[in-house]
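Beneath this line is the structure, given in structure tokens, with notes to follow.
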Amino acid sequence: MSKNKYLIRNVAVLGSGTMGSQIAAHCVNAGLEVWLLDLKDNGDNPNKTVEKNIKKLQKMNPAPLGLPEHADRIKVGNFEDDLEKIVGKVDWVCEAIIERMDIKQDMMSRIERARNGNTIVSSNTSGLPIGKISENCSSEFQQHFLGTHFFNPPRYMKLLEVIPTETTSAAVVNYMTRFCEKVLGKGVVKCNDTPNFIANRIGIFSMASIMPYFFDGSFRAEEIDYLTGTLTGYSKAATFRTADMSGLDVINHVATNLYPAIPDDERREVFKLPDAFEEMVGQGKQGNKAGEGFYKKVKTDSGKEYKVIDPDSFDYESQIDPEFESAKQAKKEHKSSGARLRFMVNQDDKAGQFLWDIHCDLLLYSANRIPEITPEASGLESIDRAMKWGFNWELGPFERWDAIGVQESVERMQNEGRDVPESVTAMLDSGRKQFYDKENGTVYNLATGEVEKLSLPAKGAITIASLQAEEKEVMGNKSAGLYDLGDGVALFEFRTRQHTLGFELVQSLQKACEIVKNDFDALVISHDGDNFTYGANLMEAMGAWQKGEKDRVKEAAKNFQDTAVGLRYQPFPVVVAPFGRTLGGGVEFMLHADKVVAHHELYAGLVEVGVGLLPAGGGTKEMLHRTMEKLIDDDQVDPIPHIKEIFKTIGMAKVSESAQKARTLGFLRDSDTIIMNRDLLIAAAKEEAHTLADVGYQPPAEPKIEVMGKKLLSSLKLMLYIMHEAKFITDYDQVVAEKVAWVMSGGELSEPQEVPESYILKLEREAFLELLEDERTQDRIEHMLKKGKPLRN
């Protein structure tokens, strides 16, 4: 087979409903050329339905598009006028029409007549048998057909289930797996063509097994959500908030369709949902989309309140604060969700017994589904990833079992008369006591009884866990670590809580740079946590300040600025690979890197004004420098309007909703790279660093930066005065923003002139320390630490 036999650049999405339109949007995010088709409308505009649904994309929250204006990149059409000509020229057809087998089969026949020989066709069905959808088509069509089950919302939910049929070509499966990983950025889990595949099979079972505890009055809904939330390694939305988000009618539909489709399932009866639940759905209490489900948002005199349903009357009442002494003790004594779960299931109280019972159901059911629902060599990894990526659980079923303790729990299950799968007892009999051995990078295969190497979340991924298993750590402490990535490239990792940039971390980065200078060719700064960094460690800085250690804080501020700006002048290339929340100092690391490789989901911002400070790690200087650098070749352009834009970006603490938006805000350059798959970020950054080092890297000289002096300062102050008079900003907002204006204007300089970078950096530091001395800034910092949101004083 030719290496380039399959290459997807053009996509047709059929069906512009909630899923189809968002799949199209995500394909636009990935840089693909996209057509979106739906039924033809009568009247003057045959594409009215599609165009209406594209407009909805721009109003959705969370936003399906990286930039809302990219909605115009989706080309529209309808099935009657455009299907044949569009399908004939695209590389991939993704069908997302109504969930009816006869209509899908008819659509496949139409696609078959129009497609070219290498066009891949997939269905986004969430439960219909994939093989049956294409059964009336030719064998050649069937070789190019498979299931691609996206989770809602497609941009944000990592999971994509790829479901080959018995006739799907291996080359097509392999190509689509890699394409969906690399281009669409998905966490791909391959599934067998069994009812509801993996995530919904396990997820709906879990919900169904928990529902009776609510409807029989054993627990209130908010009590169950407390016990099955982050306390024990589920998602923040827990059980019933997840159900409301998914749609109670959807859950009922899935469970109803599952029951007749799984006659040999030993827990089939669990999918017969409580009569009261079906009555709720029948009354229109279908979850968030209906405004009421298990919870209902109600306006009150003080704002809004989420009330909870009574299972008997279906009336909504105020929530209570769940009170379980065992849970309080678990939170107090155990930091990790796994340790809290282990503690809780061993408690002899109502909460402990509930968690033990639902985990017995979940764990035994999951083990019994291997190898039924997953074709992967080690099916338990696929099940765990499906639940983590598709339902946002922190711990998958088998990670939960390891946390509880496999041997102890199996003995207890057997003593209680529960049937434990032979595959699990065989593992224990072999001497292995856990499914995962992450220290040594192995996993137990329940289907074969073999111990295998842990698989990577995506082909070519580099993870901290794999580096640690391979003993690649060069330097490490509680705050940070340095690893050898190979090929002369080192990786600097943040280890602090919320990955904040504290005193020790900054000192560690300085030490790491010395090591890299002597032993490596390039440095990558990244890690594989949930967010890159929340910025400076305010608690540490405020604590030192209140203890009277002001000189220490001032020294740390200077040290941070030297370190961040110094990244640019190291004798080796520095590549920063940010993702998720990247705030304050994290952006300043980005701004001074030789190259940034950013994940598409980048929420970056210089947010220091929110705590009464300004960016003083070179951020204010660099935003000015980048703006002036763009205008250097055009003497006719007035720089002041351009500087006002970045002034507003800093002064309003703007945070990007995507990496594309970060580029428009000036945090990323056109030369920086955006990638879709979070798991491939470190590997991509390593390649960029290696390339920069290979071509003979030399650090730049310190630049001269043009400042505009009093003319700019007066203009910015006038803007702030108008905003203050209009009550758009507070008194202290104006004070802080005037400090930013002072720095950007060049301080006391009256006329436009070029100054060294170091001059503006000195202004940054002085303004930062003046603000830090102000009690109103200290009030803002304390408020942020206590409340988690800015104080508008």
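Among the residues of the stretch 180-195, which ones are open to solvent by less than 10 Å² (accessible area, probe 1.4 Å) and more than 15 Å from Met157 (Cα to Cα)?
The one that is open to solvent by less than 10 Å² (accessible area, probe 1.4 Å) and more than 15 Å from Met157 (Cα to Cα): Cys191.
Going through the stretch 435-450 one residue at a time, which ones are open to solvent by less than 80 Å² (accessible area, probe 1.4 Å) and touching a strand residue (DSSP E or B) at 6+ places or on another chain (Cβ under 9 Å)?
Phe435, Tyr436, Asp437, Gly441, Thr442, Val443, Tyr444, Asn445
Exactly one condition in (1) open to solvent by less than 10 Å² (accessible area, probe 1.4 Å); (2) assigned to a loop (DSSP other than H, G, I, E, B) is not met by Thr168; state its number.
(1)
Taking Thr691 as meeting all but one of (1) surrounded by fewer than 24 Cβ atoms within 10 Å (Cβ to Cβ); (2) under 25 Å from Phe179 (Cβ atoms); (3) of a type outside the set (Gly, Ala, Ser); (4) touching a strand residue (DSSP E or B) at 6+ places or on another chain (Cβ under 8 Å), write down the number of the exception.
All conditions are met except number (4).
For Ser302, which of the numbered conditions (1) open to solvent by 30 Å² or more (accessible area, probe 1.4 Å); (2) modelled with pLDDT of 95 or more fails to hold?
With respect to (1) open to solvent by 30 Å² or more (accessible area, probe 1.4 Å); (2) modelled with pLDDT of 95 or more, Ser302 is out only on (2).
Of (1) over 14 Å from Met19 (Cα atoms); (2) not in a helix (DSSP H, G or I), Ile86 satisfies all except one. Which?
For Ile86, the exception is condition (2).
Residue check: is Gly282 small (Gly, Ala, Ser) and either without any contact (Cβ under 8 Å) to a residue 12 or more places away in the chain or more than 21 Å from Gly203 (Cβ to Cβ) (or both)?
So Gly282 passes the test.
In contact with a helix residue (DSSP H, G or I) (Cβ under 7 Å, 6 or more places away or on another chain) and either aromatic (Phe, Trp, Tyr) or not in a loop (DSSP other than H, G, I, E, B) (or both): is that true of Val516 in this structure?
no
Name the residues in the stretch 518-535 that are open to solvent by 60 Å² or more (accessible area, probe 1.4 Å) and in contact with a strand residue (DSSP E or B) (Cβ under 9 Å, 6 or more places away or on another chain), would you?
Asp519, Asp521, Asp528, Asp530, Tyr534
Can you pull out the helices (runs of 4 or more DSSP H) entirely within the stretch 590-709 that have at least 1 residues that are more than 27 Å from the chain's Cα centre (by Cα) and farther than 25 Å from Ala461 by Cα?
Answer list for the stretch 590-709: 619-630, 639-651.
Might you check whether a residue that is touching a residue at least 60 places away in the same chain (Cβ under 8 Å), among the basic types (Lys, Arg) and open to solvent by 30 Å² or more (accessible area, probe 1.4 Å) occurs anywhere in the stretch 716-732?
Looking for residues that are touching a residue at least 60 places away in the same chain (Cβ under 8 Å), among the basic types (Lys, Arg) and open to solvent by 30 Å² or more (accessible area, probe 1.4 Å), one finds none in the stretch 716-732, hence no.
When you look at Lys550, is it in contact (Cβ under 8 Å) with a residue 24 or more places away in the chain, open to solvent by 40 Å² or more (accessible area, probe 1.4 Å) and among the charged types (D, E, K, R), yes or no?
no
Give just the number: which of (1) surrounded by fewer than 21 Cβ atoms within 10 Å (Cβ to Cβ); (2) closer than 26 Å to Gly390 by Cβ; (3) in contact with a Lys or Arg (Cβ under 9 Å, 6 or more places away or on another chain) does Lys307 not satisfy?
Here Lys307 clears every test but (2).
Within the stretch 29-59, how many residues are open to solvent by less than 60 Å² (accessible area, probe 1.4 Å), out of contact with any Gly (no Cβ under 8 Å at 6 or more places or on another chain) and not hydroxyl-bearing (Ser, Thr, Tyr)? Can you show your working first?
Our first condition is that a residue be open to solvent by less than 60 Å² (accessible area, probe 1.4 Å); within the stretch 29-59, this holds for 29-32, 34-38, 41, 45-47, 49-50, 53-54, 57.
Going one step further and asking which of them are out of contact with any Gly (no Cβ under 8 Å at 6 or more places or on another chain), we end up with 31-32, 34, 41, 45-46, 49, 54, 57.
In the following step, the residues that additionally are not hydroxyl-bearing (Ser, Thr, Tyr) were identified as 31-32, 34, 41, 45-46, 54, 57.
Number satisfying all stated conditions: 8.
What do you reckon, is Ala238 touching a Ser or Thr at 6+ places or on another chain (Cβ under 6 Å) and open to solvent by less than 60 Å² (accessible area, probe 1.4 Å)?
Numbers: touching a Ser or Thr at 6+ places or on another chain (Cβ under 6 Å): yes; open to solvent by less than 60 Å² (accessible area, probe 1.4 Å): yes.
In short, yes.
Within the stretch 255-271, restricting attention to residues that are exposed (fewer than 13 other Cβ atoms within 10 Å of the Cβ) and free of Cβ contacts under 8 Å to residues at least 24 places away in the same chain, which residue is nearest to Ser126 (Cα to Cα)?
The selected residue is Pro260.
Of all residues being of a type in the set (Gly, Ala, Ser) and under 17 Å from Gly586 (Cα atoms) in the stretch 665-688, which is surrounded by the fewest Cβ atoms within 10 Å (Cβ to Cβ)? Just the residue, please.
Gly666
Mind checking which residues of the stretch 386-419 are surrounded by 19 or more Cβ atoms within 10 Å (Cβ to Cβ) and over 32 Å from the mean Cα position of the chain (by Cα)?
Ser409, Val410
Would you mind telling me which numbered condition in (1) in a helix (DSSP H, G or I); (2) open to solvent by less than 20 Å² (accessible area, probe 1.4 Å); (3) touching a Leu at 6+ places or on another chain (Cβ under 9 Å) Leu505 fails?
Unmet condition: (3).
Under 7 Å between Cβ atoms, which residue pairs at least 6 apart in sequence (or on different chains) link something in the stretch 439-453 that is under 15 Å from Asp384 (Cβ atoms) with a partner that is among the small types (Gly, Ala, Ser) and part of a loop (DSSP other than H, G, I, E, B)?
Partner pairs satisfying both residue conditions: Val443/Ser378; Asn445/Ala377; Asn445/Ser378; Glu452/Ala377; Glu452/Ser378.
Where in the stretch 195-300 are there helices (runs of 4 or more DSSP H), lying wholly inside it, with at least 3 residues that are acidic (Asp, Glu)?
Here the list reads 221-227, 275-282.
Return the pair list, or none, for Cβ contacts closer than 6 Å from residues in the stretch 48-63 that are of a type in the set (A, V, I, L, M, F, W, C) to residues that are in a helix (DSSP H, G or I) and open to solvent by less than 100 Å² (accessible area, probe 1.4 Å), at least 6 apart or on different chains.
Ile54/Ala71; Leu57/Ser21; Leu57/Ala25; Leu57/Ala71
Is the stretch 9-24 home to any residue that is open to solvent by 40 Å² or more (accessible area, probe 1.4 Å), more than 28 Å from Gly247 (Cα to Cα) and in contact with an Asp or Glu (Cβ under 9 Å, 6 or more places away or on another chain)?
yes
Only one of Leu772, Leu761 is open to solvent by less than 70 Å² (accessible area, probe 1.4 Å), assigned to a helix (DSSP H, G or I) and more than 16 Å from Val609 (Cα to Cα); which?
When all the criteria are applied, what remains is Leu761.
Take the residues in the stretch 413-437 that are assigned to a helix (DSSP H, G or I) and in contact (Cβ under 8 Å) with a residue 12 or more places away in the chain, then tell me which one is nearest to Leu227 (Cα to Cα).
Met413
Name the single residue, out of those in the stretch 116-150 being in a helix (DSSP H, G or I) and open to solvent by 20 Å² or more (accessible area, probe 1.4 Å), that is nearest to Arg100 (Cα to Cα).
Within the stretch 116-150, the match that is nearest to Arg100 (Cα to Cα) is Lys132.
The values are calculated or read from the model by the stated rules, or taken from the named source; none is laboratory data. Note that this is a predicted model, so its numbers are computed, not measured. Here the Cβ is made from the backbone with ideal geometry for all residues, glycine too, and neighbour counts use every protein chain on show. The accessibility values were calculated without ligands, DNA or RNA, using every heavy atom of the protein model including side chains. Shrake-Rupley method; radii C 1.70, N 1.55, O 1.52, S 1.80 Å.
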